1. Calculate the FRET efficiency for H100 and R35 from the Cβ-Cβ distance with a Förster distance of 41 Å, rounded to the nearest 0.05.
2. Rolling a 1.4 angstrom probe over the protein chains, ignoring ligands and nucleic acids, what is the accessible area of H54 in square angstrom, nearest 10?
3. So what's the projected area for region 66-127, the Cα convex hull averaged over all directions, in nm²?
4. Just to verify a number: FRET efficiency for D115 and R85, C-beta to C-beta distance, R0 = 22 Å, to 0.05?
5. What residue among A57, V91, Q150 has its Cα farthest toward the positive end of the dipole of region 38-176, where the charges are +1 on Lys, Arg and -1 on Asp, Glu, each on the Cβ?
6. Could you give the dipole magnitude of region 18-176 about its Cα centre, charging the beta-carbon of Lys and Arg +1 and that of Asp and Glu -1, in debye to the nearest 20?
7. Can you give me the long-range amide H partners of T113? Hydrogens built in the peptide plane at 1.01 Å from N, cutoff under 5 Å, separation of 5 or more residues or another chain.
Amino acid sequence: MPKTTQPTVSPVEQASEFPYGDGDYLFHLMVAVSRYRDEDLERSLRPVGLNLSHYRAMSVLAHLGPCSMTELAEMSMVDRTTLTRTVDHLVRRDLAGRRHARADRRQVILSLTEDGWARYLMAREVVQSRNEALLAKLPRHLQKGLIKSQQALIGSWELGEELTHRLLTLSRGHASRKAKARPSAAND
């Protein structure tokens, strides 16, 4: 049987108040919070007839209005293959519609249907309720600090000024082009 040895821990990690390096531990916690929240939302959305992927796509459509698959993928942080399956399912259920763009018939524009809006609004209430329950345990100043930290992390990536702005504002980047026919919505 091969002999195993424990790697040495750096003096920085030994001095940390956390189980391991601050950066690694921060991202470990971010993933854990995201995973357990996603599992909770997945369960909570079932009675509304949606899953979390449906809700996230619908939320972007609710916030941006009609948009392309590229915009939807960019703003929902979902790869296009997975997103295509999600959108196909929403279209089959008449919760979203597809049409070709006037300028480029190859481009598909997606939007919520009336039934999609109704279902989305029900789901949004569920998500807001779950968010409020979770955040009730966290003082407002810590919530704001977490938001600012996440904004700073997004800003630290070299994504380009326009994409960074769109991700931080969930907008198309130009306030004058933002026509909202429906109530504003967050990605979840």
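1. 0.65
2. Roll a 1.4 Å probe over it and H54 shows about 10 Å².
3. Average projection, Cα convex hull of region 66-127: 4.5 nm².
4. With R0 = 22 Å, the Cβ-Cβ based efficiency is 0.65.
5. V91
6. Dipole about the Cα centre, nearest 20: 440 debye.
7. For T113, whose amide H was placed from the backbone, the distant partners under 5 Å are A96, G97.
The values are calculated or read from the model by the stated rules, or taken from the named source; none is laboratory data. Remember, it's a predicted structure, so these values are computed and weren't measured experimentally. Methodologically, a virtual Cβ is constructed for each residue, glycine included, from the backbone with ideal geometry; neighbour enumeration extends over all protein chains shown. Surface areas here come from the heavy atoms of the whole protein model, side chains and all, with no ligands, DNA or RNA. Shrake-Rupley method; radii C 1.70, N 1.55, O 1.52, S 1.80 Å.
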